[in-house]
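Enquirer: First the structure, then my questions, so here it is.
The values are calculated or read from the model by the stated rules, or taken from the named source; none is laboratory data. Computed from a predicted structure; not experimentally measured. For neighbour counting, all protein chains shown are included, and Cβ atoms are generated from backbone atoms with ideal geometry for every residue, glycine included. Surface areas here come from the heavy atoms of the whole protein model, side chains and all, with no ligands, DNA or RNA. Shrake-Rupley method; radii C 1.70, N 1.55, O 1.52, S 1.80 Å.
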Amino acid sequence: MGKDHEGVLQALNEQAGKIIHTSNVYHHEWAGKLAEKLVMTTQTEGGLGAASGSGRSLGAKVFFANSGTEANEGALKVARKVGKERWAAAVPGRRWDSPECNKTRIVCFEGSFHGRSMGALSVTVNPKYQAP
């Protein structure tokens, strides 16, 4: 965007007069537009399973979070859901909520910090952060 871009400065000043930040509990005019732009840009670059430049929609969704911990909690829920759904889809008649589902492990990096919630701490290997 560069330094002192006139259009960016004007947009920032306009929005700062209205609202700077709000929880994702509240709707505002830009959240949907930003989500759409994020999905389209990701797909254009070949992400989300789309061929690069295709611009086709794959039903992708965007989750806005207020903190890194909240983002990690959301990512853990999505990973758990996808793992269980893929396990169920591998054999006709399986249900994702079956007690037989063995998709219970999440990969994480050593030496990382994911937040102080119970879910985020479950993938933080440093005992310093897990101690009560």
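Enquirer: Compare H114, H21, H28, H5 by solvent-accessible area with a 1.4 Å probe and give them largest first, with all protein chains kept in place.
Expert: H21, H5, H28, H114
Enquirer: Roughly how many nanometres apart are two label points built 7 Å out from the Cα toward the Cβ at V78 and T42?
Expert: Using points 7 Å along Cα→Cβ, the separation is 0.5 nm.
Enquirer: Now for a different question. Roughly speaking, what is the stretch gain from A71 to R94, that is 0.36 nm per residue apart minus the C-alpha to C-alpha distance, in nm to one decimal?
Expert: 5.3 nm
Enquirer: Which one of G47, G119, G17 has the biggest mean-square fluctuation once the chain is modelled by GNM with Cα springs under 10 Å?
Expert: Between G47, G119, G17, it is G17 that shows the largest mean-square fluctuation.
Enquirer: Turning to a different aspect of this structure: Work through the residues other than V62 whose Cβ is under 10 Å from its Cβ and net out their charges, Lys, Arg +1 and Asp, Glu -1.
Expert: Details: positive: K37, K61; negative: E36.
Net charge around V62: +1.
Enquirer: A follow-up question, please. Could you tell me, in Å, what Rg and Dmax come out for the Cα atoms of the chain?
Expert: Looking at the chain, its Cα Rg and Dmax stand at 19.6, 59 Å.
Enquirer: Treating the Cα atoms of the range 66-132 as identical point scatterers in vacuum, please give the log10 of the normalised Debye intensity I(q)/I(0) at q = 0.20, 0.22, 0.28 Å⁻¹, two decimals.
Expert: -0.81, -0.89, -1.15
Enquirer: Would you tally the net charge around Q130, using a Cβ to Cβ cut-off of less than 15 Å, leaving Q130 out, and scoring K and R as +1, D and E as -1? Don't skip to the answer; put the middle values down first.
Expert: Values: positive: R116, K128; negative: E110.
Around Q130, the surrounding residues sum to +1.
Enquirer: Then there is this: Multiplying the sequence separation of R105 and Y129 by 0.36 nm and subtracting their Cα-Cα distance, what value in nm do you get?
Expert: Details: separation 24, 0.36 × 24 = 8.64 nm, distance 1.97 nm.
Roughly 6.7 nm would be gained on extension.
Enquirer: Excluding ligands, DNA and RNA, what is the solvent-accessible area per residue of the range 86-132 at a probe of 1.4 Å, expressed in Å²?
Expert: It amounts to 85 Å² per residue over the range 86-132.
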